[in-house]
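The values are calculated or read from the model by the stated rules, or taken from the named source; none is laboratory data. What you are looking at is a predicted structure, and each value in this text was computed from that prediction instead of being measured. Here the Cβ is made from the backbone with ideal geometry for all residues, glycine too, and neighbour counts use every protein chain on show.
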Amino acid sequence: GAVVSQHPSWVICKSGTSVKIECRSLDFQATTMFWYRQFPKQSLMLMATSNEGSKATYEQGVEKDKFLINHASLTLSTLTVTSAHPEDSSFYICSARYRDRNTGELFFGEGSRLTVL
Amino acid sequence: KQEVTQIPAALSVPEGENLVLNCSFTDSAIYNLQWFRQDPGKGLTSLLLIQSSQREQTSGRLNASLDKSSGRSTLYIAASQPGDSATYLCAVSSGYSTLTFGKGTMLLVSP
């Protein structure tokens, strides 16, 4: 149990295009999902917190118009990188928390590597 | 603001050795602490979760301890194997919210 799946696992796009990354909790419902960004040899940096049915909460310094987050259901959250530029190239990872558990344990997806040319 | 530090940044050991990875955090008011494993280019795999009221958790060859008052946690790996080679991340939750991550310890276990 507690499987989180991300798609695509890697994507290459041209500068100026938009890219959508999906995060799904496969065998549980997640009221809250989190999106992280990881640069090479660096730790994970939280970008935003996504709550089902409401607007995402963005961390300081993260442009909400640049990184659009939608949490349409209890099993799916999406991150759209709009008008991507080379500096947006990074490893994006999502995580999810069980709806009915209060342990606070988070489960992570496999990550999505974005390369913007 | 919570800060998490992991020492050492990198560790290389021969197969079979027991080893300890260290994690320290600045704010002792934590909800829980998690240890993760990350393989190159991959996501995170949860290894152990320690609630703030617990002192340790064990899973197979892994044992994690938590000393909340001193802001420290250790991950003990017994009888290391080449398959244990990965980056190990420590993360603390300061509420029923998100995690603050350390930069990780890159472990290499040589045959």
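If a residue counts only when it is within 16 Å of B:THR100 (Cα to Cα), which strands (runs of 3 or more DSSP E) contained entirely in region A:24-116 have at least 2 such residues?
Working: elements: A:32-38, A:44-51, A:67-73, A:76-81, A:90-97, A:106-108, A:112-116.
Output list reads A:32-38, A:44-51, A:90-97, A:106-108.
Quick test for you: out of A:ALA48, A:ALA56, A:ALA84, A:ALA30, pick the one residue that is in contact (Cβ under 8 Å) with a residue 12 or more places away in the chain and under 26 Å from B:THR87 (Cα atoms).
Details: A:ALA56 fails: under 26 Å from B:THR87 (Cα atoms); A:ALA84 fails: under 26 Å from B:THR87 (Cα atoms); A:ALA30 fails: under 26 Å from B:THR87 (Cα atoms).
Result of the check over A:ALA48, A:ALA56, A:ALA84, A:ALA30: A:ALA48.
Take the residues in region B:82-110 that are at pLDDT below 95 and loosely packed, with under 13 Cβ neighbours inside 10 Å, then tell me which one is farthest from B:ALA9 (Cα to Cα).
Among them, the one singled out is B:TYR96.
Condition first: within 10 Å of chain A (Cβ to nearest Cβ), without any contact (Cβ under 8 Å) to a residue 24 or more places away in the chain and not polar (S, T, N, Q). Now tell me which residues in region B:32-69 satisfy that.
If the condition is that a residue be within 10 Å of chain A (Cβ to nearest Cβ), without any contact (Cβ under 8 Å) to a residue 24 or more places away in the chain and not polar (S, T, N, Q), then B:GLY41, B:LYS42, B:GLY43, B:LEU49 are the ones that fit.
Just give me the residues in region B:60-69 being modelled with pLDDT of 95 or more and either basic (Lys, Arg) or surrounded by fewer than 12 Cβ atoms within 10 Å (Cβ to Cβ) (or both), in sequence order.
As a first pass, look at region B:60-69 and keep what is modelled with pLDDT of 95 or more: B:60-67.
Passing the criteria: B:GLY60, B:ARG61.
If you scan region B:27-36, which residues turn out to be modelled with pLDDT of 95 or more and more than 11 Å from B:ALA91 (Cβ to Cβ)?
none
B:SER28 fails exactly one of the following numbered conditions: (1) of a type in the set (Ser, Thr, Tyr); (2) surrounded by fewer than 16 Cβ atoms within 10 Å (Cβ to Cβ); (3) in contact with a Lys or Arg (Cβ under 7 Å, 6 or more places away or on another chain); (4) within 14 Å of chain A (Cβ to nearest Cβ). What is the number of that condition?
In the conditions (1) of a type in the set (Ser, Thr, Tyr); (2) surrounded by fewer than 16 Cβ atoms within 10 Å (Cβ to Cβ); (3) in contact with a Lys or Arg (Cβ under 7 Å, 6 or more places away or on another chain); (4) within 14 Å of chain A (Cβ to nearest Cβ), B:SER28 misses (4) alone.
Would you please name the residue that is surrounded by the most Cβ atoms within 10 Å (Cβ to Cβ), looking only at residues in region A:5-34 that are aliphatic (A, V, I, L, M) and within 11 Å of the chain's Cα centre (by Cα)?
Step one: of region A:5-34, the residues aliphatic (A, V, I, L, M) are A:11-12, A:19, A:21, A:26, A:30, A:33.
When the remaining residues are screened for being within 11 Å of the chain's Cα centre (by Cα), the result is A:21, A:33.
Working: A:ILE21: 24, A:MET33: 29.
Among residues in region A:5-34 that are aliphatic (A, V, I, L, M) and within 11 Å of the chain's Cα centre (by Cα), the one surrounded by the most Cβ atoms within 10 Å (Cβ to Cβ) is A:MET33.
Would you check if B:CYS23 is facing chain A (nearest Cβ under 10 Å), in a strand (DSSP E or B) and at pLDDT 95 or above? Don't jump to the end; show me each part of the working.
Working: facing chain A (nearest Cβ under 10 Å): no; in a strand (DSSP E or B): yes; at pLDDT 95 or above: yes.
So B:CYS23 fails the test.
Against the conditions (1) closer than 22 Å to B:SER80 by Cβ; (2) basic (Lys, Arg); (3) not in a strand (DSSP E or B), where does B:ARG37 fall short? Just the number, please.
Tallying (1) closer than 22 Å to B:SER80 by Cβ; (2) basic (Lys, Arg); (3) not in a strand (DSSP E or B), B:ARG37 fails exactly one: (3).
Take the residues in region A:41-100 that are within 12 Å of another protein chain (Cβ to nearest Cβ), in contact with a Ser or Thr (Cβ under 7 Å, 6 or more places away or on another chain) and not hydroxyl-bearing (Ser, Thr, Tyr), then tell me which one is nearest to B:CYS90 (Cα to Cα).
Top of the filtered list is A:LEU46.
Take B:ASP67 and tell me if it is closer than 30 Å to A:TRP10 by Cα and among the charged types (D, E, K, R).
Numbers: closer than 30 Å to A:TRP10 by Cα: no; among the charged types (D, E, K, R): yes.
No: the conditions fail for B:ASP67.
Scan region B:29-58 for residues that are under 13 Å from the mean Cα position of the chain (by Cα) and of a type outside the set (D, E, K, R) and report the count.
So in region B:29-58, the residues under 13 Å from the mean Cα position of the chain (by Cα) come out as B:32-38, B:44-50, B:56-58.
Going one step further and asking which of them are of a type outside the set (D, E, K, R), we end up with B:32-36, B:38, B:44-50, B:57-58.
Adding up the residues that qualify gives 15.
Can you give me the number of residues within region A:1-23 that are within 13 Å of chain B (Cβ to nearest Cβ) and part of a strand (DSSP E or B)?
7
If you take the residues of region B:70-81 that are in contact with a Phe, Trp or Tyr (Cβ under 9 Å, 6 or more places away or on another chain) and closer than 19 Å to B:PHE25 by Cβ, which of them is surrounded by the fewest Cβ atoms within 10 Å (Cβ to Cβ)? Break it down into steps so the answer makes sense when it comes.
Applying the first criterion (in contact with a Phe, Trp or Tyr (Cβ under 9 Å, 6 or more places away or on another chain)) to region B:70-81 yields B:71-73, B:75, B:77.
Add one more test, that the residue is closer than 19 Å to B:PHE25 by Cβ, and what stays is B:71-73, B:75.
Numbers: B:GLY71: 19, B:ARG72: 16, B:SER73: 27, B:LEU75: 22.
Across region B:70-81, the extreme among qualifying residues is B:ARG72.
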